[in-house]
1. Of all residues being within 21 Å of C:Thr290 (Cβ to Cβ) and assigned to a strand (DSSP E or B) in the stretch C:203-233, which is nearest to the chain's Cα centre (by Cα)? Just the residue, please.
2. Only one of A:Gly139, A:Gly78, A:Gly132, A:Gly106 is facing another protein chain (nearest Cβ under 7 Å), at negative phi and not hydrophobic (A, V, I, L, M, F, W, C). Can you tell me which?
3. Please find, among C:Lys674, C:Lys656, the residue that is farther than 25 Å from C:Arg368 by Cα and either touching a residue at least 40 places away in the same chain (Cβ under 8 Å) or of a type in the set (A, V, I, L, M) (or both).
4. What's the total number of residues in the stretch C:415-431 that are touching a helix residue (DSSP H, G or I) at 6+ places or on another chain (Cβ under 9 Å) and surrounded by fewer than 20 Cβ atoms within 10 Å (Cβ to Cβ)?
5. So, A:Val88, is that one more than 7 Å from every other protein chain (Cβ to nearest Cβ) and either of a type in the set (Phe, Trp, Tyr) or crowded, with 24+ Cβ neighbours inside 10 Å (or both) or not?
6. Cβ-Cβ distance below 6 Å, separation of 6 or more or different chains: which pairs start in the stretch B:75-93 with a residue that is within 11 Å of another protein chain (Cβ to nearest Cβ) and end on one that is among the hydrophobic types (A, V, I, L, M, F, W, C) and in a helix (DSSP H, G or I)?
7. Residues C:Gly700, C:Gly687, C:Gly712, C:Gly731: which one is assigned to a helix (DSSP H, G or I), modelled with pLDDT of 95 or more and of a type outside the set (S, T, N, Q)?
Amino acid sequence: MAQTVSITVNGTAYEREVEPRVLLAHFLREAIGLTGTNVGCDTSQCGACTVLMDGAAVKSCTVLAVQADGSSVTTIEGLASDGKLHPVQEAFWEKHGAQCGFCTPGMIITVVDLLNNNPHPTDEEIRHGLEGNLCRCTGYQNIVEAVKHAARAMPAAEAMPEEMREHAHA
Amino acid sequence: MYSASVDYHRATSLNDAIKTLEKNKGAKLLAGGHSLIPSMKLRVANPAVLVDIGHIKSLSGIKVTKKEVKIGALTTHAAVAASAEIKEACPILAEAAALIADPQVRNRGTIGGSLAQADPAADYPTLMIALDAIFAVTGPNGERHIEARKFFKDLLTTALKRDEVLTSITVPAYGNMPGMGGAYLKHRHPASSYAVVGVAAMIGLADGKVERAVVVVGGITSNPMHAVAVESALAGKEPTEANISAAVDTMDIEATLGDSYASSEYRAHLAKVMAKKAIMLATERAGG
Amino acid sequence: MSAKAMGVAIKRREDPRLITGEAKYLDDVQLTGMVYAAILRSPYAHAKIKRINTTKAAAHPGVVAVFTGEDFKDLPALPCAWQAEAGRIKNNLNTPRVLEIDRVTHTGAGVAVVVADDRYNAEDALALIEVDYQPLPTVVDAEKATLPGAPQIHENAPNNICMDWAIGDKDGTEATLGSSEVVVKQRIINQRLIPNVMETRGCISQYLPASEEYTVWMTSQDPHIMRLLMTAFVFGIPETKMRVIAPQVGGGFGTKIFLYPEYCLMAALAKKTGRPVKWMETRRENYVATTHGRDHITDIEIGAKRDGTITALRVKTFANLGGILSTIAPGIPTTLYGRVLSGAYKIPHIYCNVIGTYTNTGMVDAYRGAGRPEATYVVERAVDLVARELKLDPVEVRRKNFIQPGDFPYAPADNILAGLKYDSGNYEKALNKALEMVNYKGFRKEQEQARKQGRYLGIGLSTYIEICGAAPSSWIGVGPTGQGWGAAMWESANIRVHLTGKVILTIGTQSHGQGHETTMAQIVAEELGIPMEDIIVQLGDTLGTPFGYGTYASRSAAVGGMAVYNSAQKIKEKAKRLAAHLLEASPDDMTFEGGKAFVKGSPDKGKTIQELAGAAALAYSLPAGMEPFLDDITYYDPPECTYPFGTHICVVEVDKDTGQVKLQRYLAVDDVGKRINPLIVDGQIHGGIVQGVAQALWEGAVYDENAQLLSGSMMDYAVPKASFLPNIELGSTETPSPTNPLGVKGVGETGTIASTPAVVNAVVDALSPLGIKHLDMPLTPEKVWRAMRSAQSAKM
């Protein structure tokens, strides 16, 4: 039986009817029309669907929309502010961290959370921090470079998008 | 990918959750959802009602006293791994939590959910048995306590009744005790990141000898097991490499689990190799 | 005013929409009235379909219709577009239907389809379809399938053989092997891989009854080819009645080249239901319905003199094609495999026999490298095996046998390359650079010390060549050297310089991660002196792009890039003639440089390309016979394939207790000719390397004896994560290809082709003190541990 959920996405409050079985990923993509978040697998491995929920990176394919009722979500579409790219987005562009781009939105969101928790990660910490995100194109090399570039470019407090900062655990 | 239809109830309190479980035979608890939702997407699990306890604040949190660490069942793996208090009071727990799955899963998965699932390839059950953890469980008849070693019954089966909720986990604050050290090592499955074999070793030293040795192996049997022979062989001995090797060689757990990545024979071998490393690391941490 | 563009590491034009989530992939496309298809797939690998009952499914809420194979029996089976040299040998073809009618020959074959208002309801309805199967015996092994007593899968393929293909000199090779001082024999397995492209496959189709036109959105690497095959070979309608659009495509690695049943099914459903219909693969579906790669069983025999000179190579391969043929399946283990078995070496006699077999497994077709990784694995393992047998340094054996710079253009022995020749190379230069990067001598000393301590350190090389730039008409046609494709694989590019000096470049290649919107624009920018930001590249839609063969086989730079280059030259010529006319000068006195046409020697008295574009479009004053607008198109037929090469080196340590292989270092020196964009080239190499390393260490499709895919999801099949890998170190040499003025060769697949043997050679080197000479992939900890244990007990 459908339920009404209220979810704030990228700063805007949405109220929609949804069946309990619908995944947050599908809700974002179809009910809200934010197709930036991609679905790449069906066993919660690939991380292409990663979004920020109440300040932490989560796999939106493993969260039901009804679980997110009352929560605040940031998707890839919500990272840039006032037409200005987030430093992690800039870094992916600068360092060629994207090839086909399918894993990129989820990857960028994970990196935002990673840098929020660990502003100056070592290569090893970066690689472990990306264990929940698969990429088949880049071999991860330039993604690691992009993370380091973003870390250098950005003060720690700025990693999380503004509307997430109150939720995020540092 | 697409689950079957299900009803959803967000529990407002622990009592509300228990009542809902009582009334609905086909109801299942939903906490972090990272065991249940994947099963539902495969249509392997098809509950009639989901009872979401994920928003009951009283069920999460970490309380440390001199002797114990009490962790609310809804505490996420990320919170356990990052907790400065747990790193000091019960470091092996933080070490193991940091190895579970990946960062996103750790942000949602809960300690209670993992324990109630009792997956043989999970990390926490091995830890809990090694730590002699006590689980607080609440049902229609009130609260009871279950020892870790009595909690895990069989493959994916625990002592929890259908209408009971695991509410907290209490482990010793061994980090405050001198001469105690622990280590958890995991051989990760390269695809699933689950533990192919996980070994938890706790060593208590006194006068340069092993006063107490705990070695628990997960991933090779339906539920984790004490390597009793190894524990006995170590007790009272000096924790030299030679003694540890000799003790580990007596390990006699029959490995019953195996798959195309790692056969039971290989898992049994890994258990020994990892037990030796874990014991040595625990010994070093115990100050020996 | 123009800046240099060729060879510059420019940030990609594609990226802004990728990093913001604005890019529209297949599943992001929404059409009014769209409905969703879910396909019921056979759980049996070999079975007769006795009966299907769809009544309950059709009655489920939200269901628009349910169909079975019977409903589409008027559509023919899909075409096989590349038989293995059909002019020369017999190919026993069997291709899929949009939905199978009588029998299935692999798990995942489609038997019914539900069309519903949303995918959750469609999935519910799938569970309500009742199918009566009669299971039949199965076979999974490519060699065992050919033995007497094996279950027969297709009536027209006795002993399950699709084709029996051979090249080279059979008798000469036999005689030479017989008289060689040393012959090493080894059976090697190149295991089946599941490509795991991050975006699974999908398709949306719409049909307009009044105009009888289809529009098909498809995750495709070659929209024009898809349109051709669907219209001419499946639907029997004019090409002009279908438009195929590849939106943003999330990777392909070959799997999105082919014409699959689902694409035809969606088109048929759109017509039948009158609604736009979308289908998007789930990952588990992808594992059984999308093509797999590799799966060869090979027996190598390599002959040599005691001094390390290779005398002959004989290879026999059973190539698993799966339960039914994908679009170009027979061509991959033949033309693209056997013909490059000379590798980087002057091997005097070569003979290769490939038997393509049917088994009850998933379809096998091109997967990054497509035949060349399999060949390179054979050759590079063979060289190491010979070196080991002769107790020579594998580096020195390679040097001794290398094709030398003076030997190019080089035709491998026994005409195995069917008339083509390697274009250029300096194999030793790349080798020396790589050896210096790794400090080879230093490593061998370190290894000696480590061995004394009981540690297993190893180093492995791969000095590869590869063949790119498919393909010259002389090769792919149906003449004496024809490889059976039946069509020359040229490429197209149309440059239009608009009135305001802005360029629209439309091309027939189809980027799905390779950055053509950047690299092709760089060629235009360099040649015409127009700024990058004024150039837009359009591709992927049959409406508005010239016919092209698409992107795969690392052909886009050498063939597609050359089409762009040649169109730019034509534009320059027209610009010069127009400028001459406007300046009242002789066309022969004109030159074009830095975005300007001017009289030689007088660069200040010239016309910019922008001025000329405006003049050509406004057409106030054109020379006699000149048409308005600066617009030229090229269909480029390459004269030759191109041959990148290089040396990859891998350093590993094997844990003596667990058998786990730890990658200490991975470095690559690649020569891909001239690099249009070094940033993009490096990215291709990184990604390719990781896929090849993954085959050596972690990946492998596993079937049980009932042909059930045990490695059925990402929970079981280990696609590498970032934490598995060290930082990859890259070096390069640059030996331009003399076959095209750009000097480019190709790079998309080199990483995958080179890396697999480098890793395996390293592990075998590490384990050599135990007497281990070969180990099959993937080199999982257990496999290595068992090998070490056997070797150790054998020694006792």
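1. If we take residues in the stretch C:203-233 being within 21 Å of C:Thr290 (Cβ to Cβ) and assigned to a strand (DSSP E or B), then C:Met218 is nearest to the chain's Cα centre (by Cα).
2. Matching residue, one of A:Gly139, A:Gly78, A:Gly132, A:Gly106: A:Gly132.
3. None of the others qualify; the one that does is C:Lys656.
4. Going through the stretch C:415-431 one residue at a time, the tally reaches 5.
5. yes
6. If the second residue must be among the hydrophobic types (A, V, I, L, M, F, W, C) and in a helix (DSSP H, G or I), the pairs left are B:Ala81/B:Ala94; B:Ala81/B:Ala97.
7. C:Gly687
Condition check ((1) crowded, with 20+ Cβ neighbours inside 10 Å; (2) aliphatic (A, V, I, L, M); (3) over 30 Å from A:Met1 (Cα atoms); (4) over 33 Å from the mean Cα position of the chain (by Cα)) across all residues:
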site: C:Asn91; (1), (2), (3), (4): yes, no, yes, no
site: C:Arg97; (1), (2), (3), (4): yes, no, yes, no
site: C:Asp102; (1), (2), (3), (4): no, no, yes, no
site: C:Val114; (1), (2), (3), (4): yes, yes, no, no
site: C:Tyr120; (1), (2), (3), (4): yes, no, no, yes
site: C:Asp124; (1), (2), (3), (4): yes, no, no, yes
site: C:Val139; (1), (2), (3), (4): yes, yes, yes, no
site: C:Ala150; (1), (2), (3), (4): no, yes, yes, no
site: C:Pro158; (1), (2), (3), (4): no, no, yes, no
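The values are calculated or read from the model by the stated rules, or taken from the named source; none is laboratory data. Remember, predicted model here, so these are calculated numbers, not experimental data. Neighbour counts run over all protein chains shown; Cβ positions are idealised from the backbone, glycine included.
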